[in-house]
Amino acid sequence: MKVRIREARRCAGVTQAALAARIGVDQSRISRMERGISPVTVAHLAAIAAALNVPVAALLDDSPVTLAEA
C-alpha cells in the first residue's frame, strides 16, 4: 500500500514543517513517513487527512490527488 502524503501535502500547498505542527509531530517524522522509512499509523493517517482537508481514502488511493480533493 502506497501512502501519498507528499503528493497531497504539496497539492494543498503545505510545507512539511506546517503539516508536522498541525498534527503534533516533528518535521523529520513527516519526511520519514513520506519517504516510506517510518510507518504511518492509522492515527497519523487520520490526522494528516484532516490537516490537509482530504478524505483518508485520497491518501491511500492510486489516482492523482486533485485540487478538488485538497
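No value in this document is a laboratory result; all are computed from the given coordinates. All values derive from a computational prediction rather than experimental measurement. Counting neighbours? That spans all protein chains shown, and the Cβs are built from the backbone with ideal geometry, glycine included.
Using a basic spin-label model with each label point 7 Å from the Cα along Cα→Cβ, how many nm lie between residue 43 and residue 15?
Here the answer is 2.7 nm between the modelled labels.
Quick one: which of 10-23, 34-47 comes out on top by average Cβ neighbours within 10 Å, and what's the full order, highest first?
Details: 10-23: 16.3, 34-47: 13.1.
The most tightly packed comes first, giving 10-23, 34-47.
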